[in-house]
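The values are calculated or read from the model by the stated rules, or taken from the named source; none is laboratory data. Predicted, not measured: the structure shown is a model, and the values here were computed from it. Virtual Cβ from ideal backbone geometry, glycine too; neighbours counted across all protein chains shown. We work out accessible area using only protein heavy atoms, side chains counted, and drop any ligands, DNA or RNA first. Shrake-Rupley method; radii C 1.70, N 1.55, O 1.52, S 1.80 Å.
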Amino acid sequence: MPSIALHRASVDFPIYNSRNRSLRNALLARVGGRLEEAGDLVTVRALEDISLTLNPGDRLALVGRNGAGKSTLLRVLAGAYEPTSGSAVIDGRVSSLFDLTMGMDAELTGADNVVLRGVFLGMSIAEARSYIPEVAEFSELGGFMHLPMRTYSSGMRLRLAFAISTVRTPDILLLDEFISVGDESFVRKTRERLERMIDKAHILVLASHSPQTLRAYCNRALLLHEGRIVGEGPIEAILARYKEQAA
Amino acid sequence: MSLFPTRADWRRAAEDLTQGLAAWHIWSLLAFNDIRQRYKRSRFGQFWITLSTGIFIAGIGIVYSYLFDRPIETYVPYLSVNIVIWTLLAGIVTDSTGVFTQAGHILGQQAMPKTIFVMRVIVRQLIILAHNLVIIALVFMLFGIVPTPAVVMVVPGLLLALVASLLTAMAIGLLCTRFRDLPQIIQSLLQVAFFLTPVMWHTDQLGGQASYIVDFNPFAVFLLIVADPLHGQWPGVERYLQALAVIVLMGLVAAPLFARFRARIVYWL
């Protein structure tokens, strides 16, 4: 069964400015005597001591102000960032829809990009190719599928990216804000499809600033503040605390 | 923060390597797209690779055959083989400086074996090699050169070079992500290496006392084990031993480095 277990996970970002990022300074810091830059390394602690267990059926809302660590936590859950300390065990196929167009290439045709994006989602090339007609239909791109993606409007690109990214349901679905793509009629289509995906995924983690969205899809919530979990529990209680905190 | 990898680090690095190598469909697709994308809107397309190498060989070949006082009909075939192999070796080193920074956008969002991107660089350079092999074929036909049976030794030579490339690209890629001055340093060292490697000149021209320039130059070692068979010579056993020594050394550097810092790469992007 798909599951996620974080144990006291912390994420520290070292910020190297151009000076201490250079090899010269790294070498000098070793062999030189007193150097003012020695203590120049700034570390941003994006997440601190996060312990969290997610099991099938969990629909987790991430609540918190800008910079609270929601996106970083999502990236840890996606497995992109391995925690600096502590551990993260992620079991199951993850789909992280943070940037739908990730890995796509404007010079390639829409169809080629479907294959490329599909492969990044874990499909074989043949499998990804088999989705081209379905993607063409859903995205309503028709003849544009065989033109380079640079000829698309930004809305068309997103339609294509959304269509391929959501063609298969993952075990674990990670969303940074509820995705909304395209014009009015397409927005309705994407909403339906995304809702179906959320329904079928074993685990959902959704970060959002919209209480309505979180209420609609989540059954438990986590309140983050400055990289720490400051509240955990039922969605209404956490939303109330968030409102208090923001006030 | 310890500099030594833990057991968990080693295990995850091994997983990264095996899963990365197994994901051949991803790295081959990425590599082919890289080449396609680069030449997409030009008339000659990817044959610009062949064309530009050809122009380079023609220019250098004429001038240096006079400079070195060698007949064109032996010097140009000699040079063509060497330049084509050098382009592969230098290309892998150059490309590996950007192997992770180039994939930064992807690595920051999704868990993917880092090895995939290393293989992408190697395959990309192999595609370029395939285009350049056309030149060797054309030059051989032009000067009526028939490869000797020694040509079979190109295969083991190339395989050894690729193993060394994988290790080198991992180490260079990782260090270049952390230290952003390194790509420039490597680029300028590579220009020097071109002149220290028997690409334009012949090992015999060095004279005995300077043979260390070739013996201790990893570029020369791998160039010779691939190029010599094409020149009709069987490389000596000592060349293969040198190649193996370089691989072992690179392995001793790259493996712990990769195991220890593999997970840090995304933090450095």
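Around the amide H of A:Leu97, modelled in the peptide plane, lie the amide H atoms of A:Leu174, A:Asp176, all under 5 Å away and 5 or more residues distant in sequence or on another chain. Of the residues B:Leu175, B:Leu190, B:His231, the one whose Cα sits farthest toward the positive end of the charge dipole of the range B:151-244, with +1 on the Cβ of Lys and Arg and -1 on the Cβ of Asp and Glu, is B:Leu175.
The order of A:Leu224, B:Leu162, B:Leu175 by accessible area, most exposed first and with a 1.4 Å probe, is B:Leu175, B:Leu162, A:Leu224.
Compared with the alpha-carbon gap, the fully stretched path from B:Phe32 to B:Val63 is longer by 7.6 nm at 0.36 nm per residue.
With both residues required to sit in the protein assembly as shown, DSSP beta bridges show an antiparallel share near 55%. Under 5 Å between amide hydrogens, built in the peptide plane, is the criterion, and for A:Thr109 it picks out A:Met149 among residues at least 5 positions away or on other chains. Pull out a ≥ b ≥ c, the square roots of the eigenvalues of the alpha-carbon gyration tensor of the protein assembly as shown, then state rounded if a/c is under 1.5, prolate if not and a/b is larger than b/c, and oblate in the remaining case. Verdict is prolate for the protein assembly as shown. A simple spin-label model places pseudo-atoms 7 Å from Cα toward Cβ; at B:Thr18 and B:Asp204 they are separated by 5.0 nm. The mean of 1/r over all pairs of different alpha-carbon atoms in the range A:78-206, once inverted, gives a Kirkwood hydrodynamic radius of 15.2 Å.
Take the Cα of B:Thr148, go 7 Å toward its beta carbon, and the backbone nitrogen atoms of the range B:214-235 under 11 Å from that spot belong to B:229-235. Taking 15 Å as the straight-line reach from the Cα of B:Lys40, the aspartates and glutamates in range (excluding those fewer than 8 positions away in the same chain) are A:Asp105, A:Glu107, A:Asp112. For the residues B:Lys40, A:Lys70, a 1.4 Å probe over the protein chains yields an accessible-area ranking, largest first, of B:Lys40, A:Lys70.
Straightening the chain between A:Arg168 and A:Ile15 buys 51.4 nm, computed as 0.36 nm per residue apart minus the Cα-Cα spacing.
The sum of -39500 (n - 2.57) across all DSSP H runs of n ≥ 4, divided by the residue count of chain A, sets its helix-only mean residue ellipticity at 222 nm to -11000 deg cm²/dmol. Between the C-alpha center of the range A:206-247 and that of the range A:76-137 there is a gap of 28 Å. Label-to-label distance, A:His7 versus B:Ser211, with points set 7 angstrom from Cα along the beta-carbon direction: 5.9 nm. Here A:Val187 and B:Ile185 are evaluated by their C-beta separation; at R0 = 56 Å the FRET efficiency comes out at 0.65. When A and B come together, around 3000 square angstrom of accessible surface is lost from both chains combined, probe 1.4 Å. Long hydrophobic helices in chain B, taken as whole DSSP H segments with a C-alpha length of 18 Å or more on their own axis and mean Kyte-Doolittle hydropathy at least 0.0: B:47-67, B:72-96, B:115-142, B:154-178, B:182-196, B:218-230, B:237-261. Under 5 Å between amide hydrogens, built in the peptide plane, is the criterion, and for A:Leu47 it picks out A:Val11 among residues at least 5 positions away or on other chains. With heavy atoms of protein chains only and a 1.4 Å probe, what residues of the range B:107-129 have at least 40 Å² less accessible area in the full set of chains than alone? Listed by number, the residues meeting the 40 Å² cut-off are B:Gly108, B:Gln109, B:Gln110, B:Ala111. Each helix, a run of at least 4 DSSP H residues, gives -39500 (n - 2.57); summed and divided by the residues of chain B, these come to -24500 deg cm²/dmol at 222 nm. What number comes out for the charge environment of A:Tyr131, summing +1 per Lys or Arg and -1 per Asp or Glu over other residues with Cβ under 14 Å away? Overall, the nearby charge balance is 0. Projecting the Cα positions of A:Leu47, A:Leu239, A:Pro211 onto the charge dipole of chain A (unit charges on Cβ atoms of Lys, Arg, Asp and Glu, taken about the Cα centre) puts A:Leu47 furthest along the positive direction. Give me the percent of the accessible area of chain B that comes from carbon and sulfur atoms, probe 1.4 Å, all protein chains in place. It is 70 percent, rounded to a whole number. Counting only Cβ charges, +1 for Lys and Arg and -1 for Asp and Glu, the dipole size of the protein assembly as shown around its Cα centre is about 660 debye. Taking label points 7 Å from Cα along the Cα-to-Cβ direction, B:Ala8 and B:His25 give a separation of 3.2 nm. As a calculated quantity, the FRET efficiency between B:Val192 and B:Glu73 at R0 = 35 Å, using C-beta atoms, amounts to about 0.70. Once the Cβ-Cβ distance of A:Asp49 and A:Ala237 is raised to the sixth power relative to R0 = 25 Å, the FRET efficiency obtained is 0.70. Output the antiparallel fraction of DSSP beta bridges having both residues in chain A, as a percent to the nearest 5. Here the antiparallel bridges make up roughly 55 percent for chain A.
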